[in-house]
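Here's the structure we're looking at; comments come further down.
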Amino acid sequence: MVFLSRLFDRILLAGGILSGCVLIIIMLMVTVKVIFRYVLHEGLIGVDLLTGTLLVYMTFLGAAWVLKHDKHVVLDVILNQASPNCARWMRITNSLLGAAICLVVVVFGTWESINSFQRGILIPAEIEIPRVVNLWIIPAGCLLLCCQFLRRARSNYLSESNLTNDPTEDT
């Protein structure tokens, strides 16, 4: 079990690193597009489509890593007003709901990705790319998110000694 946990943590770290690299690539692409447009008076075809696709990749590659490190938006106002035990159960419920929603996205996203691949659907734009290129990362990223939500729920459930702090900080 420890091996799987470490492997999953490494997958999340790789996703976080890739997400950061994709952000740098997007920044460079937009900068090059601006230089071409305003300095060379030429447009670059497909940059908007590619940056849009890369934004989806960046989001779903890094989301589970962000959740693991609790760097996402949290309603601290509500959690701070609740008793430690109530806040713990709120975190558990939140994690289980998040996992359930991600699981639904995984199922339907996978189904739609397979459907798009089998039918050969292309995105009609300057550069026609297969629709599955945009879609597959959504269920893949949500699968990682689902697993991390379940880990967080389990960690919160098992933590009774430290009720005021979120136990996922150490995992």
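Results for (1) touching a helix residue (DSSP H, G or I) at 6+ places or on another chain (Cβ under 8 Å); (2) small (G, A, S); (3) farther than 30 Å from S155 by Cα, shown as yes or no for each residue.
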{"residue": "G20", "(1), (2), (3)": "yes, yes, no"}
{"residue": "E42", "(1), (2), (3)": "yes, no, yes"}
{"residue": "V56", "(1), (2), (3)": "yes, no, no"}
{"residue": "W65", "(1), (2), (3)": "yes, no, no"}
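Looking only at the range 31-69, how many residues end up being in a helix (DSSP H, G or I) and open to solvent by 60 Å² or more (accessible area, probe 1.4 Å)?
12
Is it the case that L28 is hydrophobic (A, V, I, L, M, F, W, C), crowded, with 18+ Cβ neighbours inside 10 Å and part of a helix (DSSP H, G or I)?
no
Restricting to the range 115-126, and then to whatever is assigned to a helix (DSSP H, G or I) and open to solvent by 40 Å² or more (accessible area, probe 1.4 Å), can you tell me which residue is nearest to C142 (Cα to Cα)?
It comes out as F117.
Could you go through the range 79-98 and let me know if any residue there is among the β-branched types (V, I, T), without any contact (Cβ under 8 Å) to a residue 40 or more places away in the chain and open to solvent by less than 60 Å² (accessible area, probe 1.4 Å).
Checked the range 79-98: no residue is among the β-branched types (V, I, T), without any contact (Cβ under 8 Å) to a residue 40 or more places away in the chain and open to solvent by less than 60 Å² (accessible area, probe 1.4 Å).
Run H72 past the list (1) over 30 Å from V34 (Cβ atoms); (2) part of a helix (DSSP H, G or I); (3) out of contact with any strand residue (DSSP E or B) (no Cβ under 9 Å at 6 or more places or on another chain) and report the number of the one that doesn't hold.
All conditions pass for H72, except number (2).
Pairs under 9 Å by beta carbon, first residue more than 18 Å from Q148 (Cα to Cα) in the range 53-67, partner open to solvent by less than 40 Å² (accessible area, probe 1.4 Å) and not in a helix (DSSP H, G or I), six or more apart or different chains?
T53/I123; T53/I129
Could you please let me know if E112 is assigned to a helix (DSSP H, G or I) and acidic (D, E)?
yes
So which residues in the range 134-155 are under 14 Å from T59 (Cβ atoms) and within 12 Å of the chain's Cα centre (by Cα)?
Across the range 134-155, the qualifying residues are I137, I138, P139, A140, G141, C142, L144, L145.
Right, E128: in contact with a strand residue (DSSP E or B) (Cβ under 6 Å, 6 or more places away or on another chain), more than 20 Å from F8 (Cα to Cα) and modelled with pLDDT under 95 or not?
Yes.
May I ask you to verify whether L13 is open to solvent by 70 Å² or more (accessible area, probe 1.4 Å), part of a helix (DSSP H, G or I) and closer than 21 Å to A140 by Cα?
In short, yes.
Of the residues L23, L75, only one is of a type outside the set (G, A, S), open to solvent by 70 Å² or more (accessible area, probe 1.4 Å) and either at pLDDT 95 or above or over 30 Å from R91 (Cβ atoms) (or both); which?
Going through L23, L75 in turn, just one is of a type outside the set (G, A, S), open to solvent by 70 Å² or more (accessible area, probe 1.4 Å) and either at pLDDT 95 or above or over 30 Å from R91 (Cβ atoms) (or both): L23.
The values are calculated or read from the model by the stated rules, or taken from the named source; none is laboratory data. Source: prediction; values computed, not measured. Methodologically, a virtual Cβ is constructed for each residue, glycine included, from the backbone with ideal geometry; neighbour enumeration extends over all protein chains shown. Ligands, DNA and RNA are stripped out before the accessible areas are found, and what is left, the full protein with its side chains, is counted by its heavy atoms. Shrake-Rupley method; radii C 1.70, N 1.55, O 1.52, S 1.80 Å.
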